[in-house]
Amino acid sequence: MDDLYREVIIEHYNNPSHRGTLENYNVRFEDNNPLCGDHIEITLLTDSENRISDAKFDGHGCSISQATADILLDYVINKDVEEVKKMTKDSIIELIGIEPGPVRLKCALLSLKVLKAGIYGLSSADEIDLDE
């Protein structure tokens, strides 16, 4: 089963459907993982009903960080912002289908930290606790 999920990660890494930057957005945040050099920038457009109507990511890094960003944006588009705020580390593990080892877990969680920091209007993604 892990092989199937690894194939999904490679497919999202090689052919991301949400890579880029929105021209019109009302949420933007970027951060990096200094331990491995992964970098993610996310731009979001929310509508009048507080739903995420469009989202893009850009950046560089390992297959886990980049694929997870794409998978995450697939999931959050058309979701209510309040629902997205409730996402945790376990949400990401469920979305990608495998639990990365401790070193790769930070790579997998970077996009969620960036997304939530942007939504909350924080100055640092370090303020985000993904265990809650």
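No lab work stands behind these numbers, since they all come straight from the coordinates. Bear in mind that the values here come from a model prediction, so they are computed numbers and not experimental data. Cβ atoms come from the backbone with ideal geometry, glycine included; neighbour counts cover every protein chain shown.
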_Can you tell me, using C-alpha contacts under 8 Å and at least 6 residues apart, the relative contact order of the range 7-132 as a whole percent?_
26 percent
*Only helical DSSP H runs with n ≥ 4 go in: add -39500 (n - 2.57) per run for the chain, normalise by residue count and round the 222 nm mean residue ellipticity to 500 deg cm²/dmol.*
-14000 deg cm²/dmol
*Based on other C-beta atoms within 10 Å, arrange Lys86, Lys116, Lys106, Lys79 from fewest to most.*
Lys86, Lys79, Lys106, Lys116
*Quick one: length gained pulling Tyr25 to Glu127 fully straight, 0.36 nm per residue minus the C-alpha distance?*
34.5 nm
